[in-house]
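*Asks:* Structure below; questions to follow.
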Amino acid sequence: MPGTASDPSGHLESTDTFSRGTLRAWLLPSRSMQRRLWPPALGLLYIAAVGLLGGLRGDHLLVGLLIGFLDLYNEKSRLLLKVFLPFILTGVIFDSMRYYYWQGIAGRVHVAEPYLLERSWFGVGGRTLNEIFLAHHWDVLDLACGFAYLVYVGEYLGLAFMLFFRGRIEPACTFARCFFLVNVMGFATYFVYPAAPPWYVTQYGLGPARMDVRPAAAGAQRFDALLGTHFFDSMYGRGVDVFGALPSLHVAYPFIAVFLAFRVAELRWARGPAVLFFFLICLSAVYLQHHYVIDVVLGVAYAIVALAAVSAWERRRSAAAG
């Protein structure tokens, strides 16, 4: 019979019909969906706010217009926006820090305290691991760790998108909610306890923090030097949080990815690679001079708190709905 497994040609025809239907659902604007005014208005308001505050760039225009477009276009794009809005909001919050970050941390940056604590708890021969890696580094690790630092957000987003396009909306939402919460927790800590990263101590010492410092690629520059690229100069040239070393959010994302990979059956294939990538990013954070070991430990702790909080909220919501 056509469309059954016993009839190869019929199965192919059915699959082809399904593929065309799926493509149409994504590519064609909806004729029946009720449009809403507030999402495009919100996007335009964001563009206007950044323009008034100063520093409007092309990516701000893209984000503002994309919010309105995705909500208005069709049901599929609206669902995509709903699931991934926490990622967008995280980027908006991080970008907004340039307007208040430096004023908020002035006179309160901890430089010597994290270094001395690190040396006391995790030091080897009177030196921190960062200082050891600064003196001893290898091309293969420069490339591996630099690669990890380039793709750590991509790994997390990639898994979320994979779940979304396979129809696993709730797990994709869990990825998004955890990402948003752990970032908000991390950003808040940057203000409550601004801490100098290892590369800053190497360059400027343990004295009072300088407020004229910009983010630096530190050990990641060796990756660019080996490949003749400028990835990290570009990335860190647009950064803000020089004294946001504690906790390491670089570590928090891969840890959450590992936990959720073991919780979601569709990601069983990713469990081994996710674990390996987590350990690589832990090494990279210290090896590239961006974090102390204590920052890595706290990054894991923040990830556990975010996972627990999101899981508890989702259970309560499910119980209330059921």
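Only the coordinates and a few stated rules stand behind these numbers; no lab work does. This structure is a prediction, so every number in the text was calculated from the model and none was measured. We place every Cβ from the backbone using ideal geometry, glycine too, and count neighbours over all the protein chains shown.
*Asks:* Do you know the relative contact order of the range 40-144, to the nearest whole percent, from alpha carbon pairs under 8 angstrom that are 6+ apart? Don't jump to the answer; show the numbers that get you there.
*Replies:* Details: 45 pairs, mean separation 16.6, N = 105.
Relative contact order for the range 40-144 comes out at 16 percent.
*Asks:* Could you let me know the centre-to-centre spacing of the range 62-86 and the range 138-174, using Cα atoms, in angstrom?
*Replies:* Answer, in whole Å: 21.
*Asks:* How would Val258, Val124, Val251, Val240 line up from fewest to most surrounding beta-carbon atoms within 10 angstrom? Working shown, then result.
*Replies:* Working: Val258 21, Val124 10, Val251 27, Val240 18.
Taking fewest neighbouring Cβ atoms as first place, the list is Val124, Val240, Val258, Val251.
*Asks:* What is the Cα centroid distance between the range 243-322 and the range 189-216, reported in whole angstrom?
*Replies:* So the separation of the two Cα centres works out to 25 Å.
*Asks:* Taking only Cα atoms and a 10 Å spring cutoff, compute GNM fluctuations for the chain and point out the largest among Ala172, Ala270, Ala301.
*Replies:* For the chain, modelled as a Gaussian network with Cα springs under 10 Å, the answer is Ala270.
*Asks:* Looking at the chain as a GNM with Cα springs under 10 Å, which of Val275, Val300, Val286 has the largest mean-square fluctuation?
*Replies:* Maximum fluctuation in the GNM of the chain, among the listed residues, is at Val275.
*Asks:* For the pair Leu52 and Thr229, what calculated FRET efficiency results from E = 1/(1 + (r/R0)^6), where r is the Cβ-Cβ distance and R0 = 35 Å, to the nearest 0.05? Can you show the working numbers first?
*Replies:* Details: r = 36 Å, r/R0 = 1.02.
Calculated transfer efficiency: 0.50.
*Asks:* Can you tell which of Ala220, Ala176, Ala312 shows the greatest fluctuation in a Gaussian network model of the chain with Cα springs below 10 Å?
*Replies:* The residue with the greatest mean-square fluctuation here is Ala312.
*Asks:* Give a residue-ordered list of calculated ³J(HN,Hα) values for the range 143-156 (Karplus: 6.51 cos²θ - 1.76 cosθ + 1.60, θ = phi - 60°; whole Hz; x for Gly, Pro).
*Replies:* Those phi angles translate into 6, 5, 6, x, 4, 4, 6, 7, 10, 5, 6, x, 4, 5 Hz.
*Asks:* Under the definition of Cα pairs under 8 Å and six or more residues apart, what whole-number percent is the relative contact order of the chain? Each step should come with its number before you reach the end.
*Replies:* On the way: 369 pairs, mean separation 61.2, N = 322.
Value for the chain: 19 percent.
*Asks:* Oh, and also: Among the trypsin sites (Lys or Arg not before Pro) in the range 63-152, which ones are in a DSSP loop with at most 12 other Cβ atoms within 10 Å of the Cβ? Mind listing them?
*Replies:* On the way: sites: Lys76, Arg78, Lys82, Arg98, Arg108, Arg119, Arg127; in loops: Arg108.
Loop-located and lightly packed - Arg108.
*Asks:* Same structure, new question: Would you pull out the residues with amide H under 5 Å of His137's amide H, same chain only if 5 or more places away, H placed 1.01 Å from N?
*Replies:* Hits under the 5 Å cutoff: none.
*Asks:* Something else: State the extension gain, in nm to one decimal, for the chain segment bounded by Ala112 and Leu79, taking 0.36 nm per residue of separation less the distance between their alpha-carbons. List each step's numbers first, then the result.
*Replies:* Values: separation 33, 0.36 × 33 = 11.88 nm, distance 4.75 nm.
Here the answer is 7.1 nm.
*Asks:* Where in the chain is the longest stretch that carries no chymotrypsin sites (Phe, Trp or Tyr not before Pro) classed as loop by DSSP and with at most 13 other Cβ atoms within 10 Å?
*Replies:* Values: sites that count: Tyr100, Trp138.
Of all site-free stretches, the longest is 139-322.
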